[in-house]
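K.L.:
First, the structure itself, so that you have it in front of you.
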Amino acid sequence: MSLFDKFQSTAVQYKALVEGVGRDPFAVSMDEMKGPTRAMVKGKEIVLAGTNNYLGLTFHDDAVAAARKALEQSGTGTTGSRFANGTYAAHRQLEIDLAKFLGYAYCVVFSTGYQANLGAISALVAPPHDVILIDADCHACIYDGCQLSGAETIRFRHNDPESLEKRLSRLSDDVNGKLVCIEGMYSMFGDTAPVKECIEVAHKHGAHVLLDEAHSFGVFGENGRGVCEADGVRDQVDFYTGTFSKSLASIGGFVASNHPELEYLRFSSRPYMFTASPSPANIAAASAALARISTDNTMRERLWENAKRVHAAFTQLGFEICAPAGPVIAVKLADRQAACKAWDFLMEKGVYVNLAIPPGTPNATSILRLSVSAAHTNDDLDAIIGAYTSLSEVLTKEAAQA
Amino acid sequence: MSGIQEDDDLVFHKICSLIEPLNEKSVKLSRETDLIADLEIDSVSVLDIVMDIEDNYDISIPVNTISEIKTIGELVDAIHAIKKEQS
Ligand SMILES: Cc1ncc(COP(=O)(O)O)c(C=O)c1O
């Protein structure tokens, strides 16, 4: 066995998948960005419908101006971690603003959302007496946080508070801390968690709850505070994690909480201490986006209008959709090859979506994952729906011939 | 091969019945069968099979334990050990 043998079977699978369609779905290069929803790819203008840019703020005037100003005043990078020389006044201010917006007392900013989850879980939970319970469909960074912690990790069935309760009940008496990890909206299918029920069960068994609202921040709830706000249990969440890389249109991540112990992360969380902090421009852009989200509900309204329109159109076309209307609209295809072919077909029609295949998806499903943006214009939506209409015609014809 | 032991072992049979739908190449299942190398079952599907086993036997099998398991025999042994510990 050599060092590289482990890649062989995946490499063969990957090659077969890509060669089947002649375009690599996992190596698309946006040659030139034309705005939040358009890019040039190999000389052709493409409508972007797989970006997580839910509120469409990546080109917003305020965010661009703030980032430019920060860049000029504070430089291109911080060249250090939060723990050392990488905390500027703007990093602290954004922590205060996020805590205030979400209604928590404390907030810690990390360099990405991935590292926020990694950093929170690995610092909060320690072997041998703490246990983590995670929803089976949790994001890779939650799994990786569990692994980094080294603590015993138990999966429960996706969105199933009863399954969680069974596993909590089975824990032996010598378990100390218990952390339950769930997400607000799950990124692949776009389905939302029964946050209220999960928290009830967790708290009944003396467990703390970490809720990742990466995809739902800015999108769900009356004020855009996430699914926990929509469920009326925002104040019961123990640790709220989020990212700047979606609705906040930048890059970075955070953990917010009412537990004063959150501050301990600053000297115990390795993903906080041993990586450089977000650049001044990233922080400024996220701050500007947050200010926008705090004062303007119209983006969220537009997002939901767009989402409902696309969802209704796809339903009518007969596609199998993985969740009710929402900002992520995932369409199920027969298998990897069929999904890859359909993905390529949409690219040919000028629409980019995400191809997602096992093991990166729940229940070994192959999907085309579309994310709707408030910045999608009616023309964008027409193009998207038009491309899917052609796709459904092709699929219907193929099914008839089979 | 430990054929007699397999026949006697209900846990082994239970696991085989859960794996069979994913056994696309119709590999003959034994204690030595490697879940990922021989059956090409991806790591997440292994976790999903284990979830069924957990509910079947009313035990919790930590992800940490599963990631160290390669063969069906190792999975069987882990379940026996946990059943003993949690009963
Ligand atoms: C649920 C979830 N959490 C966290 C992240 C990580 O966010 P970031 O891009 O900031 O690392 C993602 C995005 O990929 C995600 O889907």
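The values are calculated or read from the model by the stated rules, or taken from the named source; none is laboratory data. Every value quoted in this text rests on a predicted model; they were computed, and no experiment measured them. As a convention, Cβ positions derive from the backbone with ideal geometry for all residues, glycine included, and neighbour counts pool all protein chains shown. Heavy atoms of the whole protein, side chains included, go into the accessibility calculation; ligands, DNA and RNA do not. Shrake-Rupley method; radii C 1.70, N 1.55, O 1.52, S 1.80 Å.
Let's see how each residue does on (1) outside the structural domain of A:V219 (by TED's automatic domain parsing); (2) part of a strand (DSSP E or B); (3) touching a residue at least 40 places away in the same chain (Cβ under 8 Å):
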| residue | (1), (2), (3) |
| --- | --- |
| A:S29 | yes, no, no |
| A:K34 | yes, yes, no |
| A:V64 | no, no, yes |
| A:A70 | no, no, yes |
| A:T79 | no, no, yes |
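K.L.:
Moving on to the next point. Would you point out the residue of the range A:52-74, among those that are within 16 Å of the ligand (Cβ to nearest atom) and surrounded by fewer than 22 Cβ atoms within 10 Å (Cβ to Cβ), that is nearest to A:K349 (Cα to Cα)?
P.N.:
The residue in question is A:N52.
K.L.:
Please give the helices (runs of 4 or more DSSP H) falling wholly within the range A:155-254 in which 1 or more residues are open to solvent by less than 50 Å² (accessible area, probe 1.4 Å), within 21 Å of A:R300 (Cβ to Cβ) and touching a helix residue (DSSP H, G or I) at 6+ places or on another chain (Cβ under 6 Å).
P.N.:
Ranges flagged: A:195-204, A:227-230.
K.L.:
Restricting to the range A:113-124, name every residue that is closer than 26 Å to A:F220 by Cα and either within 14 Å of chain B (Cβ to nearest Cβ) or more than 14 Å from the ligand (Cβ to nearest atom) (or both).
P.N.:
If the condition is that a residue be closer than 26 Å to A:F220 by Cα and either within 14 Å of chain B (Cβ to nearest Cβ) or more than 14 Å from the ligand (Cβ to nearest atom) (or both), then A:I121 is the only one that fits.
K.L.:
Continuing with this model, one more query. What are the residue pairs meeting all of these: first residue in the range A:125-144, first residue open to solvent by 30 Å² or more (accessible area, probe 1.4 Å) and within 12 Å of the ligand (Cβ to nearest atom), second residue of a type in the set (V, I, T) and part of a helix (DSSP H, G or I), Cβ atoms under 8 Å, and 6 or more apart or on different chains?
P.N.:
Between residues of the range A:125-144 that are open to solvent by 30 Å² or more (accessible area, probe 1.4 Å) and within 12 Å of the ligand (Cβ to nearest atom) and residues that are of a type in the set (V, I, T) and part of a helix (DSSP H, G or I), the close pairs are A:Y143/B:V63.
K.L.:
Here's another thing I want to ask about it. Within the range A:91-112, track down each residue that is open to solvent by 10 Å² or more (accessible area, probe 1.4 Å) and within 9 Å of the ligand (Cβ to nearest atom).
P.N.:
Hits for the range A:91-112 are A:S111, A:T112.
K.L.:
Give A:A338, A:A307, A:A312, A:A285 a once-over and let me know the one that is of a type in the set (A, V, I, L, M) and not assigned by TED's automatic domain parsing to the domain that holds A:T365.
P.N.:
A:A285
K.L.:
So which residues in the range A:348-375 are more than 19 Å from the chain's Cα centre (by Cα) and open to solvent by less than 20 Å² (accessible area, probe 1.4 Å)?
P.N.:
Across the range A:348-375, the qualifying residues are A:G350, A:V351.
K.L.:
State the number of residues belonging to the range A:1-30 that are within 22 Å of B:I36 (Cα to Cα), open to solvent by 90 Å² or more (accessible area, probe 1.4 Å) and away from chain B (no Cβ under 14 Å).
P.N.:
Of the residues in that region, 3 qualify.
K.L.:
Continuing with this model, one more query. Run A:G206 past the list (1) closer than 30 Å to A:A286 by Cβ; (2) more than 13 Å from chain B (Cβ to nearest Cβ); (3) not aliphatic (A, V, I, L, M) and report the number of the one that doesn't hold.
P.N.:
Result: A:G206 passes all but (1).
K.L.:
Let me ask another. Just to be sure before I move on: is A:L179 closer than 21 Å to A:L262 by Cβ, of a type in the set (A, V, I, L, M, F, W, C) and either away from chain B (no Cβ under 14 Å) or in contact (Cβ under 8 Å) with a residue 40 or more places away in the chain (or both) in the structure I sent?
P.N.:
Yes, satisfied.
K.L.:
Quickly run through the range B:68-86 and pick out the residues that are assigned to a helix (DSSP H, G or I) and of a type in the set (D, E, K, R).
P.N.:
Scanning the range B:68-86 gives B:E74, B:D77, B:K83, B:K84, B:E85.
K.L.:
Identify, please: which residue in the range B:62-71 is without any contact (Cβ under 8 Å) to a residue 40 or more places away in the chain and more than 10 Å from chain A (Cβ to nearest Cβ) and is, among those, surrounded by the most Cβ atoms within 10 Å (Cβ to Cβ)?
P.N.:
In this case the residue turns out to be B:I69.
K.L.:
How many of the residues making up the range A:145-154 are more than 16 Å from the ligand (Cβ to nearest atom) and either crowded, with 21+ Cβ neighbours inside 10 Å or outside the structural domain of A:A202 (by TED's automatic domain parsing) (or both)?
P.N.:
Number of matching residues: 5.
K.L.:
Let me ask something else. Give just the number: which of (1) in contact (Cβ under 8 Å) with a residue 40 or more places away in the chain; (2) farther than 30 Å from A:Q13 by Cβ; (3) polar (S, T, N, Q); (4) surrounded by fewer than 18 Cβ atoms within 10 Å (Cβ to Cβ) does A:S279 not satisfy?
P.N.:
Among (1) in contact (Cβ under 8 Å) with a residue 40 or more places away in the chain; (2) farther than 30 Å from A:Q13 by Cβ; (3) polar (S, T, N, Q); (4) surrounded by fewer than 18 Cβ atoms within 10 Å (Cβ to Cβ), the lone unmet condition for A:S279 is (4).
K.L.:
Consider the range B:38-61. How many of its residues are open to solvent by 10 Å² or more (accessible area, probe 1.4 Å), at the interface with another protein chain (Cβ under 8 Å from one of its Cβ atoms) and part of a loop (DSSP other than H, G, I, E, B)?
P.N.:
Total meeting the criteria: 3.
K.L.:
Pick from A:P327, A:P358: which is at pLDDT below 95 and in contact with a helix residue (DSSP H, G or I) (Cβ under 7 Å, 6 or more places away or on another chain)?
P.N.:
On the way: A:P327 fails: at pLDDT below 95.
So the residue among A:P327, A:P358 that is at pLDDT below 95 and in contact with a helix residue (DSSP H, G or I) (Cβ under 7 Å, 6 or more places away or on another chain) is A:P358.
K.L.:
Within the range A:294-303, is there a residue that is surrounded by fewer than 16 Cβ atoms within 10 Å (Cβ to Cβ) and touching a Phe, Trp or Tyr at 6+ places or on another chain (Cβ under 9 Å)?
P.N.:
Scanning the range A:294-303 turns up at least one residue that is surrounded by fewer than 16 Cβ atoms within 10 Å (Cβ to Cβ) and touching a Phe, Trp or Tyr at 6+ places or on another chain (Cβ under 9 Å).
K.L.:
Taking the range A:212-253 on its own, how many of its residues are more than 8 Å from the ligand (Cβ to nearest atom) and over 11 Å from the mean Cα position of the chain (by Cα)?
P.N.:
Residues flagged as more than 8 Å from the ligand (Cβ to nearest atom) and over 11 Å from the mean Cα position of the chain (by Cα) within the range A:212-253 amount to 26.
K.L.:
On the basis of being away from chain B (no Cβ under 14 Å), in contact with a Leu (Cβ under 6 Å, 6 or more places away or on another chain) and either away from the ligand (no atom under 16 Å from the Cβ) or open to solvent by less than 20 Å² (accessible area, probe 1.4 Å) (or both), does A:Y88 make the cut?
P.N.:
Criteria not met by A:Y88.
K.L.:
Scanning for something closer than 30 Å to A:R68 by Cβ and in contact with an Asp or Glu (Cβ under 9 Å, 6 or more places away or on another chain), does the range A:299-310 turn up at least one residue?
P.N.:
yes
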